[in-house]
Amino acid sequence: MDARSSNNRPMHLYSSPDFEYVPQGRVIMIYGLNPHKMNCEKIFNLLCLYGNIEKIKFMKSMPDAAMVEMGDEFSVERAITHLNSVEMFGKKLNLCVSKQASIVPSQSYELVDGTDSYKEFTNSRNNRFTNPGQAAKNRIQPPSNVLHFFNAPPCVTEEIFQEVCEDCELKAFRTFKTFTGKSDRSLSGLLEWETKSDAVEALTVLNHYQMKNTSGPYPYTLKLCFSTMSHA
């Protein structure tokens, strides 16, 4: 869904033949966050689908707002195009380009859940656009009620996934489907929720969730993205 111009540069959703959108900056302002449900990690889990993330900072004077510094301007455009007006945790997100060129680190404070209000992700192994080969594997999709999961333990079951959702206080999904023949070292498949908001909340919480590895000392890092399929 990434519209492109003749010179392969992303264009704005409302571009016309005589007007090409020029990205304005690498920092996004996000309003409409539920301060009782969100933190830096959860914002990362959602926005990492659209580009690399370098820094995230909550606004102390506005508990429902945060700033996100992306790796480039086009990542900002993708995130705003796909996530603006999305509803999650009872609130509607409002994303726009910040006037600030970058996030200036400042003294962090404690969020409602006890985590820090500022975090750097430049060197995070969970960034998905670190090189052209890795970036090409990402399918830029708008939020939907179906999530594609991958890098799950090969022995994971529908019951285990439902238990994880219950433990994380998420709504139960209604359909579970696995893909066969991909790999015997990990499992991939689809999870379908009743509504798009339910799926967005699940991705925000469960993306990069550490799942127990019954055959080794290191856990599996579950990875999620929005699916191209309308049903699981």
Determine if segment 70-92 includes at least one residue that is free of Cβ contacts under 8 Å to residues at least 40 places away in the same chain and within 28 Å of LEU170 (Cα to Cα). yes
Checking PHE150 against (1) under 18 Å from ASN45 (Cα atoms); (2) free of Cβ contacts under 8 Å to residues at least 60 places away in the same chain; (3) among the hydrophobic types (A, V, I, L, M, F, W, C); (4) open to solvent by 40 Å² or more (accessible area, probe 1.4 Å), which single condition isn't satisfied? (2)
Check segment 134-141 and report whether any residue there is open to solvent by less than 40 Å² (accessible area, probe 1.4 Å), in a loop (DSSP other than H, G, I, E, B), touching a residue at least 12 places away in the same chain (Cβ under 8 Å) and closer than 21 Å to TYR218 by Cα. no
Residue under evaluation ASN126, criteria (1) without any contact (Cβ under 8 Å) to a residue 60 or more places away in the chain; (2) surrounded by 11 or more Cβ atoms within 10 Å (Cβ to Cβ), criterion not met: (1)
Would you mention how many residues in segment 210-232 are out of contact with any Ser or Thr (no Cβ under 6 Å at 6 or more places or on another chain), at pLDDT below 90 and among the aliphatic types (A, V, I, L, M)? 1
Going through segment 85-117 one residue at a time, which ones are under 17 Å from the mean Cα position of the chain (by Cα) and in a loop (DSSP other than H, G, I, E, B)? SER85, VAL86, PHE89, LEU93
Residue count, segment 208-222 (criterion: part of a strand (DSSP E or B) and either free of Cβ contacts under 8 Å to residues at least 40 places away in the same chain or under 17 Å from ASP198 (Cα atoms) (or both)): 1
Tell me, which residue of segment 172-186 that is surrounded by 11 or more Cβ atoms within 10 Å (Cβ to Cβ) and in a loop (DSSP other than H, G, I, E, B) is modelled with the lowest pLDDT? LYS182
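The values are calculated or read from the model by the stated rules, or taken from the named source; none is laboratory data. Predicted model, so just to flag it, every value in this text is computed and none were measured. Glycine also receives a Cβ, built like all others from the backbone with ideal geometry; neighbour counts cover every protein chain displayed. Surface accessibility is based on the protein's heavy atoms, side chains included, excluding ligands, DNA and RNA. Shrake-Rupley method; radii C 1.70, N 1.55, O 1.52, S 1.80 Å.
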